[in-house]
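Q: Handing you this structure, nothing more for now.
The values are calculated or read from the model by the stated rules, or taken from the named source; none is laboratory data. Bear in mind the structure is a predicted one, so any value in this text is a computation, not a measurement. FYI the Cβ positions are ideal-geometry reconstructions off the backbone, even for glycines, and counts take in every protein chain you see.
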Amino acid sequence: MKFLKWGILVLAATTWLSCVVSLLPLFDDGYLVSEPGLLGTWKLVDSADTWSFEKAEGMEYLLTQRQVEYDLEKPGGLETPSIKVPGDTVRLRARLGRLGAGLFLDLIPAEKDNPGVRNDLYNAHMIPGHTLARIWLDKDSLRIVFLDEDWLTEAIKDGRIVLTHVEAKGWLVLTAPTSGLQTFILKYGEDKKAFPLQSAEELLRVK
């Protein structure tokens with residue numbers, strides 16, 4: 001299948017996303033754009049989870065994300081199998097922007113409070129911030145590859161990459177300014193180790 005456009009998606013981490021978080025966004029109001037092709041409902045190829053984008057006020061979108069199944073951990077930690085329970089549907093505000101040829105998305109919980117729910121996407125916002133992924137957007141298909149946490153952690157430790165950051169409870173939290181994030185993406189956005197295709201999530205438009 002031929003993909004028509006690509007970009008960087010700024011998302012919160014779910015169970016299949018990286019745990020790399022940036023405290024600062026990749027764009028400000030001057031970079032906001034409208035992309036009609038994003039509107040509609042998308043479904044993951046290998047699950048029943050859906051992502052529905054609709055137009056909101058101004059240049060914003062409203063994302064309704066439905067997680068059908070949620071892994072509830074049992075007492076005992078990793079040695080005890082988790083229990084699968086029904087997941088929750090959550091709403092997030094979405095702002096779309098463009099940097100060069102890249103398309104970017106910034107997700108923020110739409111609710112004023114931020115309680116823990118049975119939804120990995122929403123719970124990832126317990127540390128307010130942004131996560132990064134490369135996307136390929138076609139008329140009826142969307143492919144997402146998130147920034148690889150292990151690759152970035154190792155590259156920072158051995159000095160190949162310099163990005164200001166802190167480590168907090170298992171999260172790699174980037175504190176680099178917007179300009180530094182942009183420079184990093186422009187240099188490594190095509191790197192197949194930074195955005196490994198074997199980790200891609202495939203979504204198909206359902207309406």
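Q: All but one of (1) crowded, with 16+ Cβ neighbours inside 10 Å; (2) more than 29 Å from Gly37 (Cα to Cα); (3) not hydrophobic (A, V, I, L, M, F, W, C) hold for Lys157; state the number of the condition that does not hold.
A: So Lys157 meets the others, but not (1).
Q: Can you give me the number of residues within the range 35-65 that are touching a residue at least 60 places away in the same chain (Cβ under 8 Å) and closer than 18 Å to Leu92 by Cβ?
A: 9
For (1) without any contact (Cβ under 8 Å) to a residue 12 or more places away in the chain; (2) small (Gly, Ala, Ser), each residue gets a yes or a no:
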position: Leu152; (1), (2): no, no
position: Ala155; (1), (2): yes, yes
position: Val166; (1), (2): yes, no
position: Pro177; (1), (2): no, no
position: Leu181; (1), (2): no, no
position: Ile185; (1), (2): no, no
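Q: Same structure, new question: Need pairs with beta-carbon distance below 8 Å; first residue within 14 Å of Gly37 (Cα to Cα) and within the range 89-113, second surrounded by fewer than 16 Cβ atoms within 10 Å (Cβ to Cβ) and of a type in the set (Lys, Arg); sequence gap 6+ or separate chains.
A: Leu103/Lys5; Phe104/Arg98
Q: Quick check: anything in the range 157-174 under 15 Å from the mean Cα position of the chain (by Cα) and at pLDDT below 85?
A: Taking every residue of the range 157-174 in turn, at least one turns out to be under 15 Å from the mean Cα position of the chain (by Cα) and at pLDDT below 85.
Q: Tell me, which strands (runs of 3 or more DSSP E) lie completely within the range 28-82 with 2 or more residues that are at pLDDT 90 or above and within 17 Å of the chain's Cα centre (by Cα)?
A: 40-44, 50-55, 60-66
Q: Mind listing whichever residues of the range 183-202 are surrounded by 13 or more Cβ atoms within 10 Å (Cβ to Cβ) and within 16 Å of the chain's Cα centre (by Cα)?
A: Across the range 183-202, the qualifying residues are Ile185, Gly189, Ala194, Phe195, Pro196, Ser199, Ala200, Glu201, Glu202.
Q: Can you spot a residue in the range 102-121 that is part of a strand (DSSP E or B), modelled with pLDDT of 90 or more, of a type outside the set (A, V, I, L, M, F, W, C) and in contact with a strand residue (DSSP E or B) (Cβ under 7 Å, 6 or more places away or on another chain)?
A: No, there is no match, as no residue in the range 102-121 is part of a strand (DSSP E or B), modelled with pLDDT of 90 or more, of a type outside the set (A, V, I, L, M, F, W, C) and in contact with a strand residue (DSSP E or B) (Cβ under 7 Å, 6 or more places away or on another chain).
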